[in-house]
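Okay, structure first, notes after.
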Amino acid sequence: MSRLKRIFQQISRYPSAMLGLAVIALLLGIAIYTMVTIPYSEAIRLWRGGEAVWGEYPRTAKPVWTDWLTRDRLPRSIVLDSRTSPAVEKTAQGDPEASHRQTLTFTFDYPYEGFPQELVIFMEGSYAERRPHASLTWITPDGREIRMGEMAVRSAETYRPGQDSRLQRRLRGDSAEIGLFRDPEAETRTAIKGTYQMVLDVDLFEPEADVEAKLVVHGQVHGLAGTDHRRRDLTVALLWGTPVALAFGLLAALGSTLTTMIIAATGVWMGGWVDSVIQRVTEVNMILPFLPILIMIGTLYTRSIWVILSVVILLSIFGSAIKTYRAIFIQVRESPYIEAARAYGASNGRIIFKYMIPRIIPMIIPGLVVSIPTFVFLEASLAILGLGDPVLPTWGKLIDDARSNGALFQGYYYWMLQPFFMLMLTGLGFATLGFALDRIFNPRLRGL
Amino acid sequence: MSDSTVVQEQSIDTQDAGRSNGAMLQIRDLRVWFELRRFGFGRAGSVRAVDGVTFDLAHGEAIAIVGESGCGKSTLMKTILGLYQPTDGEVAYEGSAVGKLGSLGLKQYRSKIGYVQQDPFGALPPFMSVRAILEEPLAINNVPARERGERIEKAMVEVKLTPVEDFLGKFPHMLSGGQQQRVVIARAMILQPGLIVADEPVSMLDASVRVEILKLLRALQASHDLAVIYITHDLSTVRYFSERIFVMYAGKLVEKAPVLSLLRNPEHPYTHALLAASVDPDARNASSLREVPPGEPPSLVRPPSGCRFHPRCPHRIEGLCAEEEPPEFESRPGHQTACWLYR
């Protein structure tokens, strides 16, 4: 315990190490926060759920913080649902026992100069035989009334004004997202700020018939991290990428280092055929192509991140590190204290685990810490090669999605840069800590 | 026990204790050869590190084995500790041959022998505290956990590492060389062995600490009736506690004698040379050159025929020393020399 304290005291002398520790603590914090607030099943639902989950989100919307870089606030999404929102007024006229008329009025403030990305109206009709008939009217803040469209409402009806060519003609060629908000007096295209209304008049022909509706005005920005081409909130992927990346990096680094060390120590201590077998297996394994094997497993067997992780560990167990550790262990084996341990009857296992391995642990800790991000990057590389886990959202998957959807080409920089930033932060944190640990541990080991 | 003490006392001046039945350790014609390999499998001969060593050690007896570097004394010691397997001959402890013990028997045998090494810092695992170091032999030999603290404390008091609490939590690099060697001795003593093997225990220590450590070993030997095998190349420290001295040369014991007899009347020409070469702080000798035997220690792969010392021997008998190996001659009681001069 006092040793740990001493090491920590020495670490605190290196500002870069403190930075590294802070970054790692932040990443761990994010990972724990994510696992607690968005449980695994919830994350999968949010990432894989389909239109039902992310239908209200805009497509490829920038993160909210891009506001800080522009003069005006960019439009946010507005969602008004007749079932839940108090901003929707529902009135009925006529005899409810016969055909009658329902009016749903959607009222909202629009304080932005930019235009929304898209307008969608979801309607749900309940009827026995005759479909209700709906007509939509748009009322701008300056009092103009624009007829939008009419339609029979089925049990699930979606109306997208942006795709209504008649409406576009009425708006003198502007598409609905622009035409319905544009100030007709202004020279440039600017939206009128103020209170807009959309009135949905529904004629119902049956006593029990009813229509509920939801107005979605998709904004230009969404959430902390924006959305992708399928309207998914990237925050979920960035947050969930953290525990996945940390777990992958830590497990791979620890798993491969510890097993490699144990195997190297066993080989050196037992000598003879055990050592020969280990050395030959290592030499064969070192010339096996690492990435093609992973690609083969990903293509032919499974892309589950945990299977890939196990294969990564398995392939790196008999890696070149065995040779390095062997060289150190051969020196350690000749130490007089090991001879003394044999003289008082220590068993082979005890000598390997209690006398040889603890001797080199301080030496390998810096390398272990530095190797964590390399495994995180490996996971990202695999994802970019299309071998990412098909279920879990990871940073590498985000980069892959962004790349395959031309994010940089189309100017969606946030989509690709955010996972890059997280990867670089991870690399930075572990690398600075590892380098400082190297400086702390190595002067002591010169005497080995 | 009392029988062996009597035998031991006799051995100092008159009788050879080894021939009696009370011997604790009997070594008979012990040979330890290391095979040399060529290209990994071809045989290229053997290094005959120990080649026909015979002696007995009684309970509570202290012997010293002296010889130059590379004469095989460390190999002999490690074979006694059970770290090397004898090629031929046998080591018997309390009448049972060590080579025939199973792994459990070997473990028990090892627990009866304490081992004090040359380099105290190297002999202590640098990542263990003094408490952990002293607990290891107890844990390995299944001493119940509740007894361990008491035994550690007792061992530390015996080697004068007091106050005990100050040392328990320390790591080897925090101790001085003398303190480190005391920890090593405490570790050797903690299983209450009957025999301590000390491999040049003071050669790496300051002159000021040497005498203290030797006195400590001597005191422990007396209070615990310990047998001690003290291995050294420094004759000046031998008289502090050993009763007999064995002189080793090229894998063989060339002279076995009680301390005073050997120091006053050395017989083997090699012993003469060793004594002549030992440090003498007398100022009058500072300018006089000492007579040291010419030549190099012989190759242990192809040792000289006949007496192994004959190529360097000033008293070589032509036609005999180079042809036939000398047996041991007992010129005086208890003083045996393997040299044709004493036939």
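Across the range A:336-363, the qualifying residues are those that are surrounded by 20 or more Cβ atoms within 10 Å (Cβ to Cβ) and of a type in the set (Gly, Ala, Ser), and the one among them that is farthest from the other protein chains (Cβ to nearest Cβ) is A:Ala341.
Filtered by the rule that a residue be surrounded by fewer than 18 Cβ atoms within 10 Å (Cβ to Cβ), hydrophobic (A, V, I, L, M, F, W, C) and either under 18 Å from A:Val88 (Cβ atoms) or not assigned by TED's automatic domain parsing to the domain that holds A:Val199 (or both), the range A:140-169 gives no residues. B:Ile190 meets the stated requirement of being modelled with pLDDT of 90 or more and facing chain A (nearest Cβ under 9 Å). Scanning the range B:95-118 for residues that are under 21 Å from the mean Cα position of the chain (by Cα) and farther than 30 Å from B:Phe171 by Cβ, we see that the one that is surrounded by the most Cβ atoms within 10 Å (Cβ to Cβ) is B:Val98.
Across the range A:292-323, the number of residues qualifying as touching a residue at least 24 places away in the same chain (Cβ under 8 Å) and either assigned to a helix (DSSP H, G or I) or outside the structural domain of A:Ile361 (by TED's automatic domain parsing) (or both) comes to 15. The set of residues from the range B:115-144 being of a type in the set (D, E, K, R) and part of a loop (DSSP other than H, G, I, E, B) comprises just one member, B:Asp119.
Filtering the range A:349-365 down to residues that are out of contact with any Pro (no Cβ under 8 Å at 6 or more places or on another chain) and modelled with pLDDT under 90, which residue is farthest from A:Leu437 (Cα to Cα)?
That would be A:Ile360.
Across the range B:127-150, the number of residues qualifying as under 25 Å from the mean Cα position of the chain (by Cα) and closer than 24 Å to A:Leu4 by Cβ comes to 3. Annotation note: Cβ proximity below 8 Å between a residue of the range A:179-195 that is in the same structural domain as A:Tyr112 (by TED's automatic domain parsing) and within 22 Å of A:Thr107 (Cβ to Cβ) and a residue that is of a type in the set (S, T, N, Q) and outside any helix (DSSP H, G or I) (sequence gap 6+ or interchain) occurs for A:Leu180/A:Thr140; A:Phe181/A:Thr140; A:Arg182/A:Thr190; A:Asp183/A:Thr190; A:Ile192/A:Thr140; A:Gly194/A:Thr140; A:Thr195/A:Thr107.
Criterion applied to B:Ala64, B:Ala145, B:Ala58 was being away from chain A (no Cβ under 14 Å) and exposed (fewer than 15 other Cβ atoms within 10 Å of the Cβ), and the one residue passing it is B:Ala145. Just one of (1) surrounded by 15 or more Cβ atoms within 10 Å (Cβ to Cβ); (2) modelled with pLDDT under 80; (3) not in a helix (DSSP H, G or I) fails for B:Ala44. It is (1). Can B:Lys78 be described as charged (D, E, K, R) and in contact with a Phe, Trp or Tyr (Cβ under 7 Å, 6 or more places away or on another chain)? Criteria met by B:Lys78. Residues in the range B:145-175 that are among the aliphatic types (A, V, I, L, M) and part of a loop (DSSP other than H, G, I, E, B): 3 in all. Scanning the range B:92-114 for residues that are over 21 Å from B:Gln221 (Cβ atoms), more than 7 Å from chain A (Cβ to nearest Cβ) and outside any loop (DSSP other than H, G, I, E, B) gives B:Ala92, B:Ser96, B:Ala97, B:Val98, B:Gly99, B:Lys100, B:Ser103, B:Leu104, B:Gly105, B:Leu106, B:Gln108.
Look at (1) closer than 20 Å to A:Leu27 by Cα; (2) more than 15 Å from the chain's Cα centre (by Cα) and you find that A:Leu392 fails only one, number (2). Considering the range A:1-66, the qualifying helices (runs of 4 or more DSSP H), each wholly inside and each with 1 or more residues that are in contact (Cβ under 8 Å) with a residue 12 or more places away in the chain and under 16 Å from the mean Cα position of the chain (by Cα), run over A:15-37, A:40-48, A:51-54. Do we have any residue at all in the range B:119-140 that's surrounded by fewer than 20 Cβ atoms within 10 Å (Cβ to Cβ), of a type in the set (Val, Ile, Thr) and more than 23 Å from A:Pro336 (Cα to Cα)? No, the conditions are met nowhere in the range B:119-140. The selection criterion, being more than 9 Å from chain A (Cβ to nearest Cβ), surrounded by fewer than 23 Cβ atoms within 10 Å (Cβ to Cβ) and out of contact with any Gly (no Cβ under 8 Å at 6 or more places or on another chain), holds for B:Leu175. If you take the residues of the range A:372-383 that are crowded, with 20+ Cβ neighbours inside 10 Å and under 19 Å from A:Trp306 (Cβ atoms), which of them is farthest from the other protein chains (Cβ to nearest Cβ)? Of everything passing the filter in the range A:372-383, A:Ala383 is farthest from the other protein chains (Cβ to nearest Cβ). Residues in the range B:129-142 that are more than 8 Å from chain A (Cβ to nearest Cβ) and touching a residue at least 12 places away in the same chain (Cβ under 8 Å): B:Ser129, B:Val130, B:Arg131, B:Ile133, B:Leu134, B:Glu135, B:Leu138. Once the range A:384-407 is narrowed to residues that are β-branched (Val, Ile, Thr) and surrounded by fewer than 22 Cβ atoms within 10 Å (Cβ to Cβ), the residue that is farthest from A:Gly427 (Cα to Cα) is A:Val391.
Regarding the range A:176-193, can at least one residue be identified that is surrounded by fewer than 13 Cβ atoms within 10 Å (Cβ to Cβ), of a type outside the set (Asp, Glu) and within 30 Å of A:Trp65 (Cα to Cα)? So far as the range A:176-193 goes, yes, one or more of its residues are surrounded by fewer than 13 Cβ atoms within 10 Å (Cβ to Cβ), of a type outside the set (Asp, Glu) and within 30 Å of A:Trp65 (Cα to Cα).
The values are calculated or read from the model by the stated rules, or taken from the named source; none is laboratory data. As the structure is a computational prediction, the values presented were derived from the model and not from experiment. No Cβ is skipped: glycine too gets one built from the backbone with ideal geometry, and neighbour counts run over all protein chains shown.
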